[in-house]
Amino acid sequence: MVYVRVYRTSAVTTAYQLMIVVAFVLLMPWAAPAADELPKEAVLPMTLAGQAVQASLDACKKDGYRVSVSVVDRAGVLRAMVRGDGAGPHTVDSSRKKAYTAASLRRPTTELAELMNKVPTLQALRDMNDQVLVLGGGLPIEIDGEVVGGIGVGGAPGAHLDDACAQAGLNAIGAVSKVPANK
């Protein structure tokens, strides 16, 4: 013998379910303002980070410089990095720290170094944390008016040459130029 149970919803259960649906629909607009307050930030895509790294490396390699190149996001987290053939081991950390410094302080590291020389009280910027490196070769990556990251080059024989290679990376992805043309 097979027993089949039939469930019937009462009018009270149906009314309760309807009240829940109506309450949910009515309360939904209250959630929207909270979502509207969340910050909207542009994110540096991995493809652009890779293009910038490769363009910078190629520019330095063309001039005979053995460098490392790093790209970080707006928070200073590494997105892409390459150590060129023959680049010294120290260039890995220097390129990453220059990129971090440029992204977090939103200024070219050469500009920061010059500013620290002019205003000695700014020397404390070097001690903000162990990731800051105030040495030319780091540029903020600015696209559509927003700093989305930083690029750092380490290993060329001069900060102005690191800057030029980093600028080649910015040019390759359509970012705002940070190095004057005559440098």
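The values are calculated or read from the model by the stated rules, or taken from the named source; none is laboratory data. Just so you know, these numbers come straight off a predicted model, no measurement behind them. Cβ atoms come from the backbone with ideal geometry, glycine included; neighbour counts cover every protein chain shown.
Points worth noting:
- PRO120 being buried (at least 23 other Cβ atoms within 10 Å of the Cβ) and farther than 18 Å from ARG79 by Cβ: no
- Taking region 88-183 and the helices (runs of 4 or more DSSP H) fully enclosed by it, the elements with 2 or more residues that are over 26 Å from LYS62 (Cα atoms) and of a type outside the set (Lys, Arg) are at 90-105, 109-118.
- Test: residue in region 59-72 that is farther than 16 Å from PRO157 by Cα and part of a loop (DSSP other than H, G, I, E, B): no
- Top-ranked residue in region 41-56 [being of a type in the set (A, V, I, L, M) and in contact (Cβ under 8 Å) with a residue 40 or more places away in the chain; ranked as surrounded by the most Cβ atoms within 10 Å (Cβ to Cβ)]: ALA52
- Filtering region 148-183 to residues that are more than 17 Å from VAL92 (Cβ to Cβ) and among the small types (Gly, Ala, Ser) leaves GLY149, GLY158, ALA159, ALA164, ALA168, ALA172, GLY174, ALA175, SER177, ALA181.
- Checked against the criterion of being of a type in the set (Lys, Arg), loosely packed, with under 11 Cβ neighbours inside 10 Å and either more than 26 Å from GLU142 (Cβ to Cβ) or modelled with pLDDT of 70 or more (or both), region 70-90 contains not a single residue that satisfies it.
- Residue within region 48-57 that is at pLDDT 95 or above, assigned to a loop (DSSP other than H, G, I, E, B) and within 21 Å of ASP144 (Cβ to Cβ) present: no
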